[in-house]
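One structure is given below, encoded as structure tokens.
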Amino acid sequence: MIPNNSMLSVDVEKRLGEFTIAVKFEAAGGATALFGPSGAGKSSLVGMIGGLLAPDRGRIALDDTVLFDSAARVNVPAHRRRIGTVFQEGRLFPHMTVARNLDYGRWMSGLPADPAGCERIVELLDIGALLTRRPGRLSGGERQRVAIGRALLMKPRLLLLDEPLASLDRARKLEILPYLARLRDEAKVPMIYVSHQAGEIQRLCSQVVRIEDGRVAASGGLELLDEAQV
């Protein structure tokens, strides 16, 4: 894992039917929120950063690594970007135990086994008691903690969290928020956190990029949450 002072630079355009995304922003380490109403284009933007959706034009760079550049015809495949993505549903493999789900991210990234690193992440997320279970026997909060662990075992340069609490009830949200704060403070992996819930962002993020109708409406600190009408 890398220090959380990394710089993500995004300047992209993408047409999706009648909807157009045209977004430009920079995020410097720590936890940065993509904040805005449903349908604003936040998840599509995450797909472009992670390599799951190709912009029509523009450039995405993480530190000195160009991930996408339409002019230079650069488009690094998702599995080579070293970006971990956690979706709101977790997306665990139901036929695998938690231990095998965790190891899948490392295996897909072509990384050697790292028992000490795995043990650290298991402890960080408090999922040691879950390792022999399958996803169907986990609560929603437990599934999300496992999904986060799988992403971290890829040793990502950046972690994308696409509304990871949206499918959870209030009790499960309160359960998992402290673990996300521990990632921010202890794992030191830069995070892009997608949400339209101001309370979550206030707990986790120091930078806010407000997205409205596929555009950056504002970029700055947490004061933008008070100004937003969402």
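Of everything in region 160-180, what is within 21 Å of L225 (Cβ to Cβ) and either touching a strand residue (DSSP E or B) at 6+ places or on another chain (Cβ under 9 Å) or assigned to a loop (DSSP other than H, G, I, E, B) (or both)? Give them in sequence order. Break it down stepwise before answering.
So the first thing to find is which residues in region 160-180 are within 21 Å of L225 (Cβ to Cβ), and the list is 160-166, 168, 170, 173-174, 176-178, 180.
Across region 160-180, the qualifying residues are L160, L161, D162, E163, P164, L165, A166, L168, L180.
Do we find that D226 is farther than 23 Å from R81 by Cα and either among the polar types (S, T, N, Q) or at pLDDT below 90 (or both) in this structure? Even if it seems obvious, please write down each step before you answer.
Numbers: farther than 23 Å from R81 by Cα: yes; either among the polar types (S, T, N, Q) or at pLDDT below 90 (or both): yes.
For D226, the condition - farther than 23 Å from R81 by Cα and either among the polar types (S, T, N, Q) or at pLDDT below 90 (or both) - is met.
Could you look through region 112-144, keep only residues that are within 20 Å of the chain's Cα centre (by Cα) and part of a loop (DSSP other than H, G, I, E, B), and pick out the one that is nearest to P94 (Cα to Cα)?
Once the filter is applied, the top-ranked residue is I127.
So how many residues does region 191-221 have that are under 14 Å from the mean Cα position of the chain (by Cα) and assigned to a strand (DSSP E or B)?
5
Only one of E123, E119, E89 is within 30 Å of A198 (Cβ to Cβ) and surrounded by fewer than 17 Cβ atoms within 10 Å (Cβ to Cβ); which? If you could, list the steps in order and put the result at the bottom.
Working: E123 fails: within 30 Å of A198 (Cβ to Cβ); E119 fails: within 30 Å of A198 (Cβ to Cβ).
Answer to the selection: E89.
Within region 25-36, identify whether any single residue is surrounded by fewer than 17 Cβ atoms within 10 Å (Cβ to Cβ), of a type outside the set (F, W, Y) and farther than 30 Å from R172 by Cβ, and answer yes or no.
yes
One line per residue, one yes/no per condition, for (1) out of contact with any Phe, Trp or Tyr (no Cβ under 8 Å at 6 or more places or on another chain); (2) in contact (Cβ under 8 Å) with a residue 24 or more places away in the chain; (3) more than 23 Å from V98 (Cα to Cα); (4) buried (at least 20 other Cβ atoms within 10 Å of the Cβ):
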position	(1), (2), (3), (4)
R150	no, yes, no, yes
D162	no, yes, no, yes
S167	yes, yes, no, no
V189	yes, yes, no, yes
Y193	yes, yes, yes, yes
E200	no, yes, yes, yes
R203	yes, yes, yes, no
E212	yes, yes, yes, no
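The values are calculated or read from the model by the stated rules, or taken from the named source; none is laboratory data. This is a predicted model, so every value here is computed, not measured. Neighbour counts are summed over all protein chains in view; Cβ atoms, including those assigned to glycine, are modelled from backbone coordinates with ideal geometry.
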